[in-house]
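What follows draws every value from the coordinates through simple rules; no lab data is involved. Keep in mind that what you see is a predicted model, and the values were worked out from it rather than measured. Please note: Cβ atoms are built from the backbone with ideal geometry, for glycine as well, and neighbour counts cover all protein chains shown.
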Amino acid sequence: MKKILAEIIAEWYRGHKRDLPWRRNPDAYRVWVSEIMLQQTRVEAVKPYYERFLRELPTVRDLAQAQEDKLLKLWEGLGYYNRVRNMQQAAQQIMIDYQGKFPDTYEEIRSLKGIGSYTAGAISAFAYGIPKAAVDGNVLRVVSRITGSRKDVMKQSVRREMEEELEKIIPENAASDFNQGLIELGAIVCLPNGEPRCKECPAAPFCEARKQGTIAEIPVKSKGKARKIEDRTVLVFKDGKKLAIRKRPGKGLLAGLYEFPNEKGHLTLDEVSAYSKKIGLMPVRIKELGQAKHIFSHIEWHMTGYEVIVDELEQTNERGFLFILPEEIEQEYPIPSAFEYYTRYAGIGR
Ligand code: ADE
């Protein structure tokens with residue numbers, strides 16, 4: 001890409017940027033929180049989460065000291081919960097190593113837990129004006145199209161090479177506008193599926209993919225491994241108004257979050273009845289709740305669910321089951337979206 005085009009993109013950004021909460025007063029903490037949230041989630045979905053997170057945990061110190069359940073509750077529904085666990089570890093690192101002041105060099109920022117080259121580049125450029133690149137999926141698409149590159153954007157080496165190339169042309173004093181311009185082009189002009197809006201694109205006269213008619217083929221992405229499919233049965237045990245939930249283990253998928261009890265496989269109504277009795281919960285009535293699917297990055301849950309009304313005298317905490325009122329679950333206990341179909345049924349709503 002040419003230097004002149006970098007200037008044009010930065011200038012275009014100044015005139016066309018959307019007014020987004022994290023673009024106002026972009027200090028390092030605010031940029032960090034927004035970029036981590038935006039990694040796997042759409043802008044519109046992130047907005048309310050971002051505002052609430054900043055309100056509840058306005059400083060690095062607040063984040064470092066937050067209780068785990070509170071932290072996960074603030075993240076509930078965003079998915080990829082390790083992102084926020086890593087953020088807390090990084091905040092604790094900042095408290096110890098930098099007395100709570102966010103570090104202001106790329107290398108120090110990059111060394112924090114959960115911060116890779118994209119996020120470190122974004123914080124460095126947006127908050128401090130440091131001339132580093134911030135190459136995410138959007139930027140890989142935009143730059144691959146502009147340069148007509150058919151290299152596999154799933155490869156780390158291709159990303160690294162792009163970072164190096166971009167860093168050669170970042171306009172003077174415009175690291176933020178240039179990087180955000182590329183991101184913004186990817187978000188509102190150079191769209192991933194369907195027709196990109198080339199008529200609105202300041203880079204169109206320079207765009208190789210457009211010239212060659214290869215926009216639909218670029219970026220080239222190698223296929224990842226197929227996801228593993230897991231059948232599960234979700235059980236909504238009800239005792240009066242209270243529902244059984246339990247905390248997941250501290251490691252692995254959805255670590256530390258709360259869930260409805262669930263078992264491997266698709267159980268029949270009779271099997272659910274037998275299972276309930278086995279764990280000491282006497283079923284009074286069992287109802288099928290229907291099927292739901294949830295897709296994680298490496299795994300898919302294909303779920304079936306049952307509501308099991310239990311006899312209140314038989315309540316047990318043997319398996320870590322907690323019987324909690326739905327309103328209280330809604331306020332205090334983080335439940336991942338994987339269970340949304342069943343939480344909605346149970347009157348726990350977002
Ligand atoms: N996607 C990733 N980072 C973004 C940002 N800062 N603004 C809008 N969309 C984004």
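Conditions tested, residue by residue: (1) away from the ligand (no atom under 16 Å from the Cβ); (2) surrounded by fewer than 17 Cβ atoms within 10 Å (Cβ to Cβ); (3) of a type in the set (S, T, N, Q).
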| residue | (1), (2), (3) |
| --- | --- |
| 16 | no, yes, no |
| 25 | no, yes, yes |
| 30 | no, no, no |
| 36 | no, no, no |
| 66 | yes, no, no |
| 97 | yes, yes, no |
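Among the criteria (1) more than 30 Å from residue 248 (Cβ to Cβ); (2) within 14 Å of the ligand (Cβ to nearest atom), the one residue 10 does not fulfil is (2).
Selection within the range 220-269: residues that are among the basic types (Lys, Arg) and free of Cβ contacts under 8 Å to residues at least 24 places away in the same chain. The member of this set that is nearest to residue 153 (Cα to Cα) is 223. Among the residues examined, residue 81 does not qualify as surrounded by fewer than 22 Cβ atoms within 10 Å (Cβ to Cβ), within 30 Å of residue 201 (Cβ to Cβ) and not polar (S, T, N, Q). Criterion first (of a type in the set (A, V, I, L, M), touching a residue at least 24 places away in the same chain (Cβ under 8 Å) and touching a Phe, Trp or Tyr at 6+ places or on another chain (Cβ under 6 Å)) does residue 28 satisfy it? Criteria met by residue 28. Within the range 108-130, take every residue that is within 17 Å of the chain's Cα centre (by Cα) and either outside any helix (DSSP H, G or I) or among the aromatic types (Phe, Trp, Tyr) (or both) and give me the one that is surrounded by the fewest Cβ atoms within 10 Å (Cβ to Cβ). My answer is 116.
Taken as a whole, the structure leaves residue 4 outside the set of residues that are surrounded by 18 or more Cβ atoms within 10 Å (Cβ to Cβ) and over 16 Å from the mean Cα position of the chain (by Cα). Counting only helices (runs of 4 or more DSSP H) that fall entirely inside the range 131-206 and contain at least 2 residues that are out of contact with any Lys or Arg (no Cβ under 6 Å at 6 or more places or on another chain), over 22 Å from residue 15 (Cβ atoms) and within 16 Å of the ligand (Cβ to nearest atom), the qualifying elements are 137-147, 156-167. Annotation: of all residues in the range 207-232 being touching a strand residue (DSSP E or B) at 6+ places or on another chain (Cβ under 8 Å) and not in a loop (DSSP other than H, G, I, E, B), the one that is farthest from residue 268 (Cα to Cα) is 220.
Per this entry, residue 60 is not counted among residues that are crowded, with 20+ Cβ neighbours inside 10 Å and within 18 Å of the chain's Cα centre (by Cα).
Pairing residues of the range 163-192 that are within 13 Å of residue 5 (Cβ to Cβ) with residues that are hydroxyl-bearing (Ser, Thr, Tyr) and within 16 Å of the ligand (Cβ to nearest atom), at Cβ distances under 8 Å and at least 6 apart in sequence or on separate chains, gives 178/13; 181/13.
A count restricted to the range 279-304 and to residues that are free of Cβ contacts under 8 Å to residues at least 60 places away in the same chain and either β-branched (Val, Ile, Thr) or under 18 Å from residue 344 (Cβ atoms) (or both) stands at 11.
Scanning the range 311-329 finds no residues that are surrounded by 16 or more Cβ atoms within 10 Å (Cβ to Cβ), touching a Pro at 6+ places or on another chain (Cβ under 7 Å) and either small (Gly, Ala, Ser) or more than 25 Å from residue 72 (Cα to Cα) (or both).
Of all the numbered requirements in (1) under 22 Å from residue 89 (Cβ atoms); (2) among the hydroxyl-bearing types (Ser, Thr, Tyr); (3) more than 16 Å from the chain's Cα centre (by Cα), residue 49 misses one, and that requirement is (3). Does the range 78-107 hold any residues that are more than 25 Å from residue 52 (Cα to Cα) and in a helix (DSSP H, G or I), and which are they? Scanning the range 78-107 gives 96, 97, 98, 106, 107.
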